[in-house]
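The next block holds one structure in the form of structure tokens; read it before the comments.
Laboratory data are not the source of any read-out in this text; all were calculated from the coordinates shown. Since the model is a prediction, treat every value here as computed from it, not as a measurement. Ideal geometry is used to build each Cβ from the backbone, glycine not excepted, and the neighbour counts take in all protein chains shown.
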Amino acid sequence: MKIILAQPRHIKMAAEIFCLAFEQSITFFTPISRKVKTAIEDIFYLLHRAFEQGFFVAVENDKLCGYVIMADGIKRLWIKTITSGFLIKAILSAASGKYGLTPSALYKIVKNKLLYFRFEMTTEPSAQVLSIAVHPEHQGRGIGQKLLSKGIEHLEALGIRRIKLEVRPNNISALKIYEKFGFRTVGEAEDLQGKWLIMMRKDCLGENNMLI
């Protein structure tokens, strides 16, 4: 098994792993269908264009086992969303039914994103672990830890010390891994599905887990 930079040929499978790993979160908004998967694939292609050097995949025998997306600056994603034409394309695709989203699903998704934007606008900018997942068939082998280690190594090579992530409080296994890599809980956020724990790496924390 090796960790490499993601290539365009890897993106559809990375999106599929996302669907498998976060099925409960997705179905909170809409049932998973082929059309919904198309929407998620389009988002993953956008993420790859925005963070090409921070998008890593775990590959074994030419099969994708997992991925991690490290964002060295989230503003780049919002800029890419507009300048690449993705925003207009996504609106038109949703309106035409290409993504298979009902009006109620669209309402919940937009409301959830507005809650996220409000949180981002009120916190100090930092690099972050944007998304990480391992295929269920390959979980328990330490692949997630290897992906996270590679992602952190990438950001540190850029001179970045301040790295954050969000994780659900009930995701105990993920919490233990993040704590192993020096992340500590510094706050909370909330969306339609409930609370998120905000975690920062300890090398940008002072005493009592205060940010420095």
Subject >> Pairwise FRET efficiency - Glu153 versus Gln193, Cβ, R0 = 25 Å, nearest 0.05 >> reply: 0.20
Subject >> Cα centroid separation - the stretch 13-41 against the stretch 49-69, whole Å >> reply: 17 Å
Original post:
In straight Cα distance, which aspartates and glutamates are under 12 Å from Lys113, not counting same-chain residues fewer than 8 positions off?
Top reply: Glu190, Asp191
Subject >> Across Lys89/Lys111; Lys146/Lys195; Lys63/Lys150; Lys80/Lys195, pairs whose alpha-carbon gap is larger than 22 Å >> reply: Lys146/Lys195; Lys80/Lys195
Original post:
If we count other beta carbons within 10 Å of each Cβ, what is the order of Glu188, Glu166, fewest first?
Top reply: Glu188, Glu166
**OP:** Neighbouring Cβ atoms within 10 Å as the yardstick, rank Val68, Val186, Val134, Val167 fewest first.
**Re:** Val186, Val167, Val134, Val68
**OP:** Note down the magnitude of the dipole of the chain about its Cα centre, charges +1 on Lys and Arg C-beta and -1 on Asp and Glu C-beta and zero elsewhere, to the nearest 20 debye.
**Re:** 360 debye
Subject >> Gained length - Ser33 relative to Thr102, 0.36 nm times residue gap less alpha-carbon distance >> reply: 23.6 nm
Subject >> Label point distance in nm, Arg76-Asn61, each placed 7 Å from Cα along Cα→Cβ >> reply: 3.5 nm
Original post:
When only C-alpha pairs under 8 Å and at least 6 residues apart count, what is the relative contact order of the chain, in percent?
Top reply: 21 percent
**OP:** Treat each spin label as a single point 7 Å out from the Cα along the C-beta direction, and report the Ser173 to Gln7 distance in nm.
**Re:** 3.0 nm
Original post:
Taking neighbour counts of Cβ atoms within 10 Å as a proxy for exposure, in what order, fewest first, do Ser149, Ser96 appear?
Top reply: Ser96, Ser149
